[in-house]
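Asker: This is the structure I have questions about; it appears just below.
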Amino acid sequence: MWTIRNRVALFLLTAMTCLAVVGCNVVRVSLNITLTPEDVAFITPGSTTLTDVVTKLGAPDAIGESETGMVATYRFLDLKYSRVNFGWLAKPWTPVDPDLIFSRTGLGVDAFQVAFDPRGVVVHSSFQRRLAGLPFYPYPF
Amino acid sequence: MKSTGGLSLLLLFVVLIQGCAFSRGTLGDEINSEAIAALHKGETTKDEVIHLLGAPDRLVQLNGRDVFQYYRYDAKAGSLLLIVLNFTRLSIKSDDLFVVLNQNGLVEDVISSKRTAGMKFRFWPFGD
């Protein structure tokens, strides 16, 4: 049986949940699959070949020339955007349409580069930035 | 009774998909996998590559060799618009093909991958 106390508690919980998420926007944009150090741990300079790399990681996004041979670049992006409009809280009680917006964007751009010698064997490999994925966090200050 | 249940399910489905948005964008034509299979190392010429795949999107010089790059991008966005709480997720992936031509104009290597295969519309922005 639902007592009045339980009903009030449920109403307050629902109201608090609604207020907490009021006017929220959460957006995420990802370009290709984010590579991690674990994904590229199989690469050993001096022994891993271009065929091995392409088999595991797919074709690169760009191929360029270097003094030692070729450089393959894998690019990826993970963008996180969140926004809260606290003006929504006042909407029921005001004739105007107030806005108090906090928003923040975390742009995680990174690339993984692999350099090969003329025989197609890896010379070295590294991430360009090693950006950690930022959490959804709308507070801009 | 059965028709009432079916109607209720239909109404529930209609209510649940309210506030959903699906968007899609592509850049470039799909890279023909049959054309890729027709490229043979040491045999196929530069002219044949162009005949099969068209002009490359990008031409790169690599230690005296030509590299033809072909690419295609596919983007799928799913949005869940719940008036006070909106979720959007946009996924972009690319298909890439590199054809390395030696100094005699013959195919030396073919590097390709199709990342867009199996890409789905996603709504939930959290997690992987």
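The values are calculated or read from the model by the stated rules, or taken from the named source; none is laboratory data. Please read all numbers here as calculations on a predicted model, not as lab measurements. Positions of Cβ are generated from backbone atoms using ideal geometry, with glycine treated the same way; all protein chains shown enter the neighbour counts. Side chains are part of the model used for accessible areas, which takes the heavy atoms of the whole protein and leaves out ligands, DNA and RNA. Shrake-Rupley method; radii C 1.70, N 1.55, O 1.52, S 1.80 Å.
Asker: Relative contact order for segment A:24-139: what is it in percent, counting Cα pairs under 8 Å that are at least 6 residues apart? Before the final figure, lay out the partial values.
Answerer: On the way: 224 pairs, mean separation 35.8, N = 116.
Across segment A:24-139, relative contact order equals 31 percent.
Asker: So how exposed is B:F98, as accessible area in Å² (1.4 Å probe, rounded to 10)?
Answerer: Here the residue's solvent-accessible area equals roughly 0 Å².
Asker: Further question on the same structure: Sort B:C20, A:C24 from largest to smallest accessible area, using a 1.4 Å probe on the heavy atoms of the protein chains.
Answerer: If we order B:C20, A:C24 from most to least accessible, we get B:C20, A:C24.
Asker: With springs only between Cα atoms under 10 Å, which of A:L12, A:L79, A:L50 fluctuates most in a Gaussian network model of chain A?
Answerer: A:L12
Asker: Also, quick follow-up: Need one value: the accessible area of B:K41 in square angstrom, 1.4 angstrom probe, rounded to the nearest 10.
Answerer: 130 Å²
Asker: Would you calculate a helix-derived [θ] at 222 nm for the protein assembly as shown, using -39,500 (n - 2.57) for each DSSP H run of n ≥ 4 and dividing by the full residue count, to the nearest 500?
Answerer: -6000 deg cm²/dmol
Asker: So, one more: Name the most mobile residue of B:L97, B:L12, B:L80, meaning the one with the largest mean-square fluctuation, in a Gaussian network model of chain B with Cα contacts below 10 Å.
Answerer: Most flexible of the set in this elastic network: B:L12.
Asker: Please give the helix A:4-20 orientation as an angle from the longest Cα principal axis of chain A, in degrees from 0 to 90, rounded to the nearest 10.
Answerer: 50 degrees
Asker: Just the accessible area for A:I101, please: 1.4 Å probe, Å², rounded to the nearest 10?
Answerer: It works out to around 70 Å².
Asker: 7 Å from Cα along Cα→Cβ at both A:T51 and A:T68: what's the point-to-point distance in nm?
Answerer: Going by the 7 Å Cα→Cβ label model, 2.2 nm.
Asker: For the peptides B:55-65, A:58-68, what is the packing order when you average, over each peptide's residues, the other Cβ atoms within 10 Å and list the highest mean first?
Answerer: Top of the packing list down: A:58-68, B:55-65.
Asker: May I ask for the longest run of chain A untouched by trypsin sites (Lys or Arg not before Pro) that are loop-located per DSSP and have at most 11 neighbouring C-beta atoms (other than their own) within 10 Å?
Answerer: It works out to A:1-118.
Asker: Okay, next question. A 20 angstrom limit on the alpha carbon distance is what I want to check against. Which of A:K80/B:K114; B:K93/B:K114; B:K46/B:K93; B:K76/B:K114; A:K56/B:K120; A:K56/B:K46 exceed it?
Answerer: With Cα atoms farther than 20 Å apart: A:K80/B:K114; B:K46/B:K93; A:K56/B:K120; A:K56/B:K46.
Asker: Would you work out what percent of the accessible area of segment A:24-139, with all protein chains in place, is carbon or sulfur (probe 1.4 Å)?
Answerer: 58 percent
Asker: Another question about this same structure. Using only the Cα atoms of segment A:24-139, build the gyration tensor, take square roots of its eigenvalues as a ≥ b ≥ c, and label the shape rounded, prolate or oblate: rounded if a/c is under 1.5, else prolate if a/b is larger than b/c, else oblate. The partial results should precede the final answer.
Answerer: Working: a/c = 4.56, a/b = 4.08, b/c = 1.12.
In terms of gyration-tensor shape, prolate.
Asker: Just to be sure I understand: with springs between alpha-carbon atoms less than 10 Å apart, which residue in B:E43, B:E30, B:E108 has the highest mean-square fluctuation in the Gaussian network model of chain B?
Answerer: Among B:E43, B:E30, B:E108, the largest GNM mean-square fluctuation belongs to B:E43.
Asker: Let me ask another. Ignoring ligands, DNA and RNA, how much accessible area is buried between chains B and A, both sides summed, with a 1.4 Å probe, to the nearest 100 Å²?
Answerer: Working: alone 8910 and 10010 Å², together 16430 Å².
Adding both sides of the contact gives about 2500 Å².
Asker: For chain B, what does the relative contact order come out to in percent, with C-alpha contacts under 8 Å and a separation of six or more? Intermediate values should be presented prior to the final figure.
Answerer: Values: 215 pairs, mean separation 33.0, N = 128.
About 26 percent, as a whole number.
Asker: Per residue, how many Å² of accessible area does chain B show with a 1.4 Å probe?
Answerer: Values: 7690 Å² over 128 residues.
With all protein chains present, chain B gives 60 Å² per residue.
Asker: Whenever you get a sec, compute what percent of the accessible area on chain B sits on carbon and sulfur atoms (1.4 Å probe).
Answerer: 59 percent
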